[in-house]
Amino acid sequence: MHEDISGVYVVEMDDGSIRLATRNLAPGIKVYGETLLQHGGVELRLWDAYRSKLAAAFMKGLKTSPLRDGIKVLYLGVASGTTCSHVSDIVGNDGRVYGVEFSPRVMREFLERVAKYRRNVIPILADARLPTEYAHLVEEVDVIYQDVAQPYQSKILVDNADFYLKKGGWAFLAIKARSIDVTKEPSEVYKREVETLKDGGFEIVHVVHLEPYDVDHAMILARRT
Amino acid sequence: MGSFIGLLLCNDEGEVLEKALFPKNYEIQASKLYLLSKGESIDEVKELCEKARKLGIDELVVEDPKVAQVFVSAGFQNVKIETPNKVAKAIRSQLLKLVVKIGYATSEDEAVEILHKVAFNLSAKRIVEAVEKRDLLVAQAVSCIDEIEKILNILASRLREWYGVHFPELGNVIKDHEDFVRALILIGHRDNIKKKEVLEELGPLRDKISKILETGPSLGANVLQKDVDVIRDVASIVLKLYEVNERLRRYVDEVMGEVAPNLKELIGPVLGARLIALAGGLERLAKLPASTIQLLGAEKALFRALRTGSKPPKHGVIFQYPEIHRSPKWQRGKIARALAGKIAIAARVDFFTGEYIADELKEDLKNRIKEIKETYKSPPKKVVEKKVKKKVKKEGGSK
């Protein structure tokens, strides 16, 4: 078990390398071909940092995480659900993950691989830029996790927070600098996004760069004040 | 407010005054929410309207503009939109508890189960709607655009000739076909250009037409009103076709954004759709090798080359990509090859994963094109080289 991060296990592999893992909420079922481990009666799923930005952020030294058992999460941009499945593991059966995705093709995979086997995952096919579109399905949440490849990422986060985030709630924002503006330097892009977040009432807790797992990506952890 | 169990009517304090609940069936719940999200009316809306009226309520506040629309069309005139709304937020903070309190579910666990199933069904519905062969529709639409454009060119040339008998000066000053047709319809008989109101309606074209007035009397033939009328009839259909064409383009743009966003961003909606049409669907395009994509639309030239051994074509429809046809001839083949590779990647991502990677693709392509332009600045001197080689041979032979 990770000493600082609730629900995340640190596994030392036979070759001495360190990997992350979460407790599998849907025993026996793999989401993206990850390895399943048995550990003291618990089934763990290895969490590939090269495929999940959240795992990369933890590997790169993100020490605090608001994700824990029973937490409600609004996840914008679930794609086919790699990271989302691990978030679902962490929050457990008392928690919930509202998974929003815009692309029907990816959503299909998300339904087949993740949502079908996990009751705590609520799949929503909608545009994260328009929070009203899913107001009839989503309750108030403790954490928003956002990974959408869009310009104005931070504005989308602020808009959704206005709708769904609890007072004092947290937000993860995965920033893909090249999706915002290919011509600008990544560091400049990060700075601009951080400013938008601050204007939207967020306090920046942590910024983690995800190299070498993801080039030109950063994970921002922020808290709504 | 709308929720997965039905519609709730609350007062400013967040107390539920009235409700119009869905039957407890995932399919029905999902399809009702589906209709609502499309701005279509459902029975529960009427039910809630009536209940609200009985309570003497004359103003509703909702968050979703589409839901507001539904209420207005159900006869409730005073509907305000507030995003986000305080009361709705308060309800969201205890939504599942409320579902139990109302008695819709016996426990929070059951409420979650319902929510999960409804959301699952709703998403599945939307997927089916979105994926159902939209790529083939877009292929048809883009083929139709090509055909309309062909027809437009033929008809516009005909109109120029025909109307030119009567008023040749108009065709000479207005070069754009669509503008010409519009002006023709407004003017009709050439004497009308002296009328003030006609000039005013012509808008930005007015200046060009005033020039005709300055150059003196028209060189065209005098014709009767009925002669002009038939020309105008044809012209108004042509103008209509221009509008349809524009609408089709917008449609292709929109649907391409849903079906193949990467392809659209990389090479534009129309060219992207054209490739889908040639390949026979996005799936087939995604499974083609880049070398085939490079030559899509140049089959005739390719088979001629294979048959006769002449030079093979360098590009098919991707020739329409500006960076190719604007470049000098000797660079086009290289750029076409690079572009086809990126198109293959974009089509595969669009079909198989749906991620958005077009920006990276564009960036890579831009760099590659730059590289090509720098490396192959001047045309290759093939002819000269051959001669030199021959010379060397000859010299070698003679020595």
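Before moving on, here are some points about what is shown:
- Maximal additional length on extending the B:HIS325-B:ASN192 stretch stands at 43.6 nm, based on 0.36 nm per residue less the C-alpha distance.
- Extended-chain gain in nm, criterion 0.36 nm per residue less alpha-carbon gap, B:GLU40 and B:LEU136: 31.9 nm
- Gyration tensor (alpha-carbon) shape descriptor, the protein assembly as shown, a/c threshold 1.5: oblate
- Buried area at the A:B interface is about 3400 square angstrom, summed over both chains, from accessible surfaces computed with a 1.4 angstrom probe.
- Applying the criteria of a DSSP loop state and at most 15 other Cβ atoms within 10 Å to the chymotrypsin sites (Phe, Trp or Tyr not before Pro) of region A:103-160 yields A:TYR152.
- Selected from B:ASN172, B:VAL142, B:PRO312, residue furthest toward positive end of dipole (the protein assembly as shown; charges at beta carbon): B:PRO312
- Note on region B:214-271 and region A:101-129: Cα centroid distance 42 Å, given to the nearest whole angstrom.
- Among B:ASN11, B:PRO379, A:GLY77 the positive-end extreme of the charge dipole of the protein assembly as shown (Cβ point charges): B:PRO379
- Candidate lysines - alpha carbon under 22 Å from A:LYS72, same-chain residues fewer than 8 apart omitted: A:LYS53, A:LYS63, A:LYS116, A:LYS155, A:LYS166, A:LYS167, B:LYS86, B:LYS89, B:LYS97, B:LYS101, B:LYS117
- C-alpha long axis of helix B:299-308 to longest principal axis of chain B, angle in °: 40 degrees
- The angle between the Cα long axis of helix B:108-131 and the main principal axis of chain B comes to about 30°, on a 0 to 90 degree scale.
- Measuring between their Cα centroids, region B:321-349 and region A:32-86 lie 40 Å from each other.
- Overall, chain A carries a charge dipole of about 340 debye about its Cα centre when +1 sits on the Cβ of Lys and Arg and -1 on the Cβ of Asp and Glu, all other atoms neutral.
- Placing +1 on each Lys and Arg Cβ and -1 on each Asp and Glu Cβ, with no other charges, gives the protein assembly as shown a dipole about its Cα centre of roughly 4160 debye.
- The 1.4 Å probe gives accessible areas that order B:CYS49, B:CYS10, largest first, as B:CYS10, B:CYS49.
- Longest exposed-site-free window of chain B, the sites being GluC sites (Glu not before Pro) in a DSSP loop that have at most 14 other C-beta atoms within 10 Å: B:133-399
- Rounded FRET efficiency, nearest 0.05, which uses the C-beta distance separating A:ASP127 from B:LYS80 and R0 of 30 Å: 0.80
- With contacts taken as Cα pairs under 8 Å and at least 6 residues apart, region B:79-193 reaches a relative contact order of 10 percent.
- Solvent-accessible ranking of B:TYR26, A:TYR9, largest area first, probe 1.4 Å: B:TYR26, A:TYR9
- For the protein assembly as shown, calculated [θ]222 nm from helices alone, where every DSSP H run of n ≥ 4 adds -39500 (n - 2.57): -16000 deg cm²/dmol
- Rounded to the nearest 20 debye, dipole of region B:283-361 from Cβ charges on Lys, Arg, Asp, Glu: 700 debye
- Shape category assigned to region B:341-380 from the gyration tensor of Cα positions, a/c cut at 1.5: prolate
- Gyration tensor (alpha-carbon) shape descriptor, region B:93-215, a/c threshold 1.5: prolate
- Here the relative contact order of region A:66-129, from alpha carbon pairs under 8 Å that lie six or more residues apart, stands at 36 percent.
- Cα→Cβ-extended label distance, 7 Å offset, between B:GLU161 and B:LYS175, nm: 2.2 nm
- Relative contact order, whole percent, for region A:13-54 stands at 41, derived from Cα pairs under 8 Å and 6 or more residues apart.
- Between B:ASN367 and A:GLU203, the simple label model (points 7 Å from Cα in the Cβ direction) yields a spacing of 4.1 nm.
- Listed residue (A:ALA218, A:LEU173, A:VAL208) projecting farthest to the positive dipole end of region A:148-218, Cβ model: A:LEU173
- Antiparallel DSSP beta bridges within the protein assembly as shown, as percent of all bridges there, nearest 5: 60 percent
- FRET efficiency, 1/(1 + (r/R0)^6) with R0 51 Å, evaluated for B:LYS208 and B:GLU108 via beta carbons: 0.10
- C-alpha long axis of helix B:43-54 to longest principal axis of chain B, angle in °: 50 degrees
- Alpha-carbon centroids, region B:72-106 and region A:169-186: separation in whole Å: 34 Å
The values are calculated or read from the model by the stated rules, or taken from the named source; none is laboratory data. Remember, it's a predicted structure, so these values are computed and weren't measured experimentally. As a convention, Cβ positions derive from the backbone with ideal geometry for all residues, glycine included, and neighbour counts pool all protein chains shown. The area values use the complete protein model at the heavy-atom level, side chains included, leaving out ligands, DNA and RNA. Shrake-Rupley method; radii C 1.70, N 1.55, O 1.52, S 1.80 Å.
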